[in-house]
Amino acid sequence: MVGKISVWATVFLLVSLCSCTTQKEQGDHLVWEKLADDWGAPMEHSYKGSVPQLWIVTAPDINSSLLDQLDPSYLELIRQTDFSAFFITVIYQGQKGSTGYSIEVTDVQRGDNTITIYAQFHEPAPDSLTNPLITSPYYILKVEKPESVKGEFTFILVADGVEIARQEHVIP
């Protein structure tokens, strides 16, 4: 009986240690919320690039390039953010030749000196009805900034399992 308890205790300990290691490798999940997403109807305010792009906003004084890429109502949402407790990320999928594209963020994780944003870039199904129109899908998220998220970080955008953007940014 004592031998069986020792075996079960050893198995429990090994499983516990393995699960702790796995959790550590994944990183800490940050709390975030979607501020806005849009399929990017052609407007005077849209991202004109063809490659995906990632922007980090840590203060209400928004970069002038970003001013031309977002609807003024979304810019106001960003400006109203409490930057002592949050930072903003804006993800662009890049210009597309039709409707039916979109972005879905699934997770935000903090590693040692990294913040990784996991997303899915959705494309229209081959048999779906789309309109031939230049669009520029984007997704704006507000990320909670715990005390551990201060300093210089490498932001990594992973879409559909592939790293597509990386940049350094200081979080005050």
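The values are calculated or read from the model by the stated rules, or taken from the named source; none is laboratory data. Computed from a prediction, not measured in an experiment: that's the story for all the values here. Here Cβ is always computed from backbone atoms with ideal geometry, including for glycine, and neighbour counts include all displayed protein chains.
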Among the numbered criteria (1) modelled with pLDDT of 90 or more; (2) touching a Lys or Arg at 6+ places or on another chain (Cβ under 8 Å), which single criterion is violated by Gly27? (1)
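Kindly establish whether Glu152 is out of contact with any Gly (no Cβ under 9 Å at 6 or more places or on another chain) and in the same structural domain as Gln53 (by TED's automatic domain parsing).
Numbers: out of contact with any Gly (no Cβ under 9 Å at 6 or more places or on another chain): yes; in the same structural domain as Gln53 (by TED's automatic domain parsing): yes.
So Glu152 fits the description; yes.
Would you check if Thr106 is at pLDDT 95 or above, in a strand (DSSP E or B), among the hydroxyl-bearing types (Ser, Thr, Tyr) and exposed (fewer than 14 other Cβ atoms within 10 Å of the Cβ)?
Details: at pLDDT 95 or above: yes; in a strand (DSSP E or B): yes; among the hydroxyl-bearing types (Ser, Thr, Tyr): yes; exposed (fewer than 14 other Cβ atoms within 10 Å of the Cβ): yes.
Yes, satisfied.
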Consider Glu76 against the criteria (1) within 19 Å of the chain's Cα centre (by Cα); (2) of a type outside the set (Gly, Ala, Ser); (3) modelled with pLDDT under 95; (4) surrounded by fewer than 15 Cβ atoms within 10 Å (Cβ to Cβ): it satisfies all of them except one. Which criterion is unmet? (1)
Condition met for Asp82 (closer than 19 Å to Leu30 by Cβ and not in a strand (DSSP E or B)): yes
Of (1) of a type in the set (Gly, Ala, Ser); (2) surrounded by 18 or more Cβ atoms within 10 Å (Cβ to Cβ); (3) out of contact with any Pro (no Cβ under 6 Å at 6 or more places or on another chain), Ser84 fails just (2)
Answer with yes or no whether Pro146 is over 16 Å from Asp37 (Cβ atoms) and in contact with a His (Cβ under 8 Å, 6 or more places away or on another chain). no
Somewhere in the stretch 111-122, is a residue in the same structural domain as Val162 (by TED's automatic domain parsing) and without any contact (Cβ under 8 Å) to a residue 40 or more places away in the chain? yes
I'd like to verify a number: residues in the stretch 112-125 that are under 15 Å from Gln95 (Cα atoms) and either among the small types (Gly, Ala, Ser) or not in a loop (DSSP other than H, G, I, E, B) (or both), how many? 2
Residues of the stretch 126-172 being touching a residue at least 12 places away in the same chain (Cβ under 8 Å), surrounded by fewer than 10 Cβ atoms within 10 Å (Cβ to Cβ) and in a loop (DSSP other than H, G, I, E, B), in sequence order, are Asn131, Pro132, Ser148
